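Following: one structure in C-alpha cells, then a few remarks.
Laboratory data are not the source of any read-out in this text; all were calculated from the coordinates shown. What you are looking at is a predicted structure, and each value in this text was computed from that prediction instead of being measured. Positions of Cβ are generated from backbone atoms using ideal geometry, with glycine treated the same way; all protein chains shown enter the neighbour counts.
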Amino acid sequence: MAFAGNRSGKCKNMVKVPFGWVRQMADRVFHRSARSRTAGALGPAVSGSTDLAGRWLAWRQAAVRERPTALPLEKAALRVAVIAPALIIAALGGCTSTVRPGLDRRPIAITEPLDGSSRARLAYATSESASCQAWLAAAAVPFRPVADQIQSETCRVIAAGTLQNDGVRYAPPRPMMTCPLAAAVSLWRRQAVDAAALEIFGARVTQIDHLGVYACRPVNNTPGARPSAHARASAMDIAGVRLSDGRRISVKAHWSDGAAAEGRFLRRIRDGACQVFQTTLSPDYNLAHADHLHLELGEGRICR
Ligand SMILES: [Zn+2]
C-alpha cells in the first residue's frame, strides 16, 4: 500500500541525471577533452603534467589554435556553472511534483464536509479491518460483520458486513458490503445526499434505493472481462432516494432533465460521490448506467 511521501524510482533517476550530466560535462571540459587535445597538440610532457593551471593554459592555447571557432572554454565552463544548478533545482522540483499523493493520514470524521482530501483520508482510515470497524462505530454507523464468503477464485467477500438502517432506510434492507464501502457510502450519504436534499428540497432523506452490491460477475456482464468490483462487494449501485416530503427521485426518471431540481440533485450527489469513491459512473458514462450511479472503491480514478 502506498502512503504519502513516497518518492518514485523516476525521482531518483531525475536526481542522478543532472549530477551525472554535470560530472560528464566537467570531465569533458576539464579532463577528457584537455587530455585528448593536449596529447596531440602539446605532446606527452604537457598532457602528463600535474600542474592544472599550466595544463589549462597550454590546452587553451592549443584549442584556440586548432579550432578558433570553437566555443570558448570559459564560456562552456560558465554554462555548466549556470545550467547545472538550474537543472538540479528543476529536477528536485520535479521530484516534489512526482511524490505520489498516496493516502492522506489525517483523521476524517463523518461530520466533515467533503473536499479534495476526503477520498484519501477515508481510504487510509478504513484500510485495516479493525480501524475500519472502529471508524464506523465512532461514526455511529450500524454495521454487522458477516463471515467471509468465497464463492470462486474471483468472487469472494472478505471482512464484510451488513449496513443497517441508521435513520435512513436502505432498500433492499441490510445490503452486505465490505467495511470500507460501508464507510464510504455512509460518508457520502451524510455529506452529499443529505446536504443536497436539505439545500435543494428542504427535506430529509428517508430512504436510499439501490440495485445491489454483491454480484459474482465480470465488468458489464461481459464474458471474459475482468471481475467486477461487485464480485468483491466493493461497489454499490444507487437507483434513487426518497425524501421526507414524500418525493421520490430516481436516476432513471430524473437524470435526463438536468435543469430541473431533481436533475440538479442527482448531479450534486454524483459529484459528491466523486470525492469519496475511486470510480463513480452515472448515465453520463454509458447506457449501462442509465438507471443508477455505480459507486466503487478500488484502483483507478473515474468520475463521470
Ligand atoms: Zn455497479
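What the table below lists for this structure:
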quantity: Whole-angstrom gap from the stretch 227-304 to the stretch 103-162, using each part's C-alpha centre; calculated: 20
quantity: Modelled FRET efficiency - R0 35 Å, A261 with S117, Cβ distances, 0.05 increments; calculated: 0.75
quantity: Chain lengthening between C216 and S129 when straightened (0.36 nm per residue, less Cα-Cα); calculated: 29.1 nm
quantity: Segment C303-A253, length gained on full extension (0.36 nm per residue, minus Cα span); calculated: 15.9 nm
quantity: Under the Karplus curve 6.51 cos²θ - 1.76 cosθ + 1.60, θ = phi - 60°, whole-Hz ³J(HN,Hα) for the stretch 253-266, x wherever Gly or Pro sits; calculated: 8, 10, 5, 4, 9, x, 7, 6, 4, 5, x, 5, 4, 5
quantity: Per-residue HN-Hα couplings for the stretch 196-212 [Karplus 6.51, -1.76, 1.60; θ = phi - 60°; Hz; x = Gly/Pro]; calculated: 5, 5, 5, 6, 8, 10, x, 9, 9, 7, 10, 8, 10, 8, 9, 9, x
quantity: Percent of alpha-carbon pairs separated by more than 22 Å within the stretch 118-303; calculated: 43
quantity: Potential extension, I150-A290 segment - 0.36 nm per residue separation minus Cα distance; calculated: 47.3 nm
quantity: Amide H contacts of C303 (H built 1.01 Å from N, under 5 Å, at least 5 apart or other chain); calculated: T280
